[in-house]
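Peer 1: Just passing along the structure, written as structure tokens.
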Amino acid sequence: MSMFNIFNVAGSGMAAQSTRLNTVASNLANADSVASTPDAAYRAKEPLFAAIRNGLDGQPAEAGSEGVKVLGVTESPNAITSRYEPGNPLADADGYVYQSNVNPVDELVNMISASRSYQNNVEVMNTARQLMQKTLDLGK
């Protein structure tokens, strides 16, 4: 792995954690939303990541093909809960509203984890830059 690949790996990690932070923000913004049917209720979003490795299983290595890839964003399979609120304008005929399956505590933990991972990738990039700078200074 060359020194320049370190920037690609850390950059892909930062992009992945940025996606994770965006999904957390969306989930927290919709945590208290309600709907008139279970199908219309907001479902928590979860990003899907995959590790990209270079030259495994005898396959040729491709430049810049290491790091993290965002495969997509899925919806949480957790159950939607109902609440009896007959006065709510969104209530169904039985007086129930359906709230999102977002767990705010889990989302806050995800937010802290994602921001720390992002920060760690920034530190990796800064350290690699400093090492490259010191290597260039040796030639002076």
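Peer 1: Could you tell me the relative contact order of segment 13-140? Use alpha-carbon pairs under 8 Å, at least six residues apart, and round to a whole percent. Intermediate results must be reported in sequence, preceding the final value.
Peer 2: Values: 185 pairs, mean separation 41.7, N = 128.
Rounded, it is 33 percent for segment 13-140.
Peer 1: Let me ask you something else. At R0 = 30 Å, how high is the FRET efficiency between Asp106 and Ala15 if r is their beta carbon distance? Nearest 0.05 is fine. Before the final figure, lay out the partial values.
Peer 2: Values: r = 22 Å, r/R0 = 0.75.
Between Asp106 and Ala15 the formula returns 0.85.
Peer 1: Still on this structure, I have one more. Residue separation times 0.36 nm, minus the C-alpha to C-alpha distance between Thr127 and Met3: what's the value? If you can, show how the numbers build up before the last one.
Peer 2: On the way: separation 124, 0.36 × 124 = 44.64 nm, distance 1.09 nm.
In short, 43.6 nm is gained.
Peer 1: Considering only protein heavy atoms and a 1.4 Å probe, what is the carbon-and-sulfur percentage of the accessible area of the chain?
Peer 2: Working: 4930 of 9120 Å².
Accessible surface attributable to carbon and sulfur in the chain totals 54 percent.
Peer 1: So what's the convex hull volume per residue for the Cα atoms of segment 65-115, in Å³?
Peer 2: Details: hull volume 6.6 nm³, N = 51.
About 129 Å³ per residue, rounded to a whole number.
Peer 1: All other residues with a Cβ under 12 Å from the Cβ of Met3 taken together, and with Lys, Arg as +1 and Asp, Glu as -1, what is their net charge?
Peer 2: Result for the neighbourhood of Met3: +2.
Peer 1: If you count only protein heavy atoms with a 1.4 Å probe, what accessible area per residue comes out for the chain, rounded to a whole Å²? Walk me through the numbers before you get to the answer.
Peer 2: Working: 9120 Å² over 140 residues.
Value returned for the chain: 65 Å² of accessible area per residue.
Peer 1: Is it possible to state the helix-based mean residue ellipticity at 222 nm for the chain, with each DSSP H run of 4+ residues giving -39500 (n - 2.57), the sum divided by total residues, to the nearest 500 deg cm²/dmol? What is it? Could you put the intermediate results ahead of the total?
Peer 2: Numbers: 2 runs with 62 residues, N = 140.
The per-residue figure over the chain is -16000 deg cm²/dmol.
Peer 1: Shifting gears a bit: Residue by residue through segment 11-26, what is 3J(HN,Hα) from phi via Karplus (6.51 cos²θ - 1.76 cosθ + 1.60, θ = phi - 60°)? Round to whole Hz and write x for glycine and proline.
Peer 2: x, 5, x, 5, 5, 5, 5, 5, 4, 4, 5, 5, 5, 4, 4, 5
Peer 1: If the chain between Phe49 and Glu75 were fully stretched, how many nm would it gain, using 0.36 nm times the residue separation less the Cα-Cα distance? Spell out each step's value before the answer.
Peer 2: On the way: separation 26, 0.36 × 26 = 9.36 nm, distance 1.40 nm.
Stretched out fully, the Phe49 to Glu75 stretch lengthens by 8.0 nm.
Peer 1: I've got another one for you. Using Cα atoms only, what is the angle between the long axis of helix 104-138 and the major principal axis of the chain, expressed in degrees (0 to 90) to the nearest 10?
Peer 2: It works out to around 10 degrees.
Peer 1: Ok, one more. Could you give the distance between the Cα centres of segment 16-43 and segment 81-140, to the whole Å?
Peer 2: 12 Å
Peer 1: Please find the FRET efficiency linking Leu136 to Ser115, where r is the Cβ-Cβ separation and R0 is fixed at 30 Å, and quote it to the nearest 0.05. Please list the in-between numbers first.
Peer 2: On the way: r = 32 Å, r/R0 = 1.06.
The calculated FRET efficiency here is 0.40.
The values are calculated or read from the model by the stated rules, or taken from the named source; none is laboratory data. The shown structure was predicted, so the numbers you read here are calculated from the model rather than taken from an experiment. Cβ coordinates were reconstructed from backbone atoms using ideal geometry, including for glycine residues, and neighbour counts include every protein chain displayed. Keep in mind that these areas ignore ligands, DNA and RNA; they rest on the heavy atoms of the full protein, side chains included. Shrake-Rupley method; radii C 1.70, N 1.55, O 1.52, S 1.80 Å.
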